[in-house]
Amino acid sequence: MRLRVIAVGTRTPAWAGQAFGDYARRLSGTLKMELREVPAGPRGAGRAVSKAMRVERERLLAELREEDFVVALDGKGRELSTRELVDWLAARLREGRDVAFLIGGPDGLDAGALERSDFRWSLSRLTLPHALARVVLAEQLYRAHTVLRGHPYHRE
C-alpha cells in the first residue's frame, strides 16, 4: 500500500522537507509514503480566490487515480485520537487501496476537492502552516503504523 501526500505549494522550508523525508524513510520498509507538490493557483490584486482554488483542485485531482482512497485534510473534518487513527489505518491496510491525502493551498480545499474525498480529516482545530501540516501528517501516520507493528511508540 502506498501513502501519497498531494499538497498545494512548492516552496516549503528546508526543515519541513527534511522532517517529512525522515518519516517517509522510516516507513519505507513496509509502507511507501511520497510527497507530490502542485503549484498554487494565481493570487493577487484583482484575482478571485475562488478561481485560484479551482485551479488548485484541478491540479490536485489530476494526481489522483480512480482507485485511490482520498483523504481531504480539512479543518472541519473529523478529529482522530491516536488509537482511532491506528484503527483507521488498519482498516485501510485491510482494504489494500492506496491512500492519497490532499492538502489545500492558503485558502484550503474547494468544494469539488472535498466532494471527491472518501474521508475528511482534521489534524487539529488549530490553524497549522501548510508545511507543518505535512510534517504532522507524516509523523502521525508513522506513529500509527508503529503501533500496528507492536512497537511501544504510543503509551496508553
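Whenever a residue of segment 1-30 is over 26 Å from GLU95 (Cα atoms), its partners that are of a type in the set (Gly, Ala, Ser), lying with C-beta atoms within less than 7 angstrom and at least six residues away or across chains, give the pairs VAL8/ALA40; VAL8/GLY104; VAL8/GLY105; GLY9/ALA40; GLY9/GLY105; THR12/ALA131; PRO13/ALA131; ALA16/ALA131. Scan segment 41-64 for residues that are more than 16 Å from the chain's Cα centre (by Cα), assigned to a helix (DSSP H, G or I) and among the small types (Gly, Ala, Ser) and the total you get is 2.
Residues of segment 31-40 that are in contact (Cβ under 8 Å) with a residue 60 or more places away in the chain and in a loop (DSSP other than H, G, I, E, B): LEU31, ALA40.
Only the coordinates and a few stated rules stand behind these numbers; no lab work does. Note that the structure is predicted; figures quoted are calculated from it, not measured. All Cβ positions, even for glycine, are placed from backbone atoms using ideal geometry, and neighbour counts span all protein chains on display.
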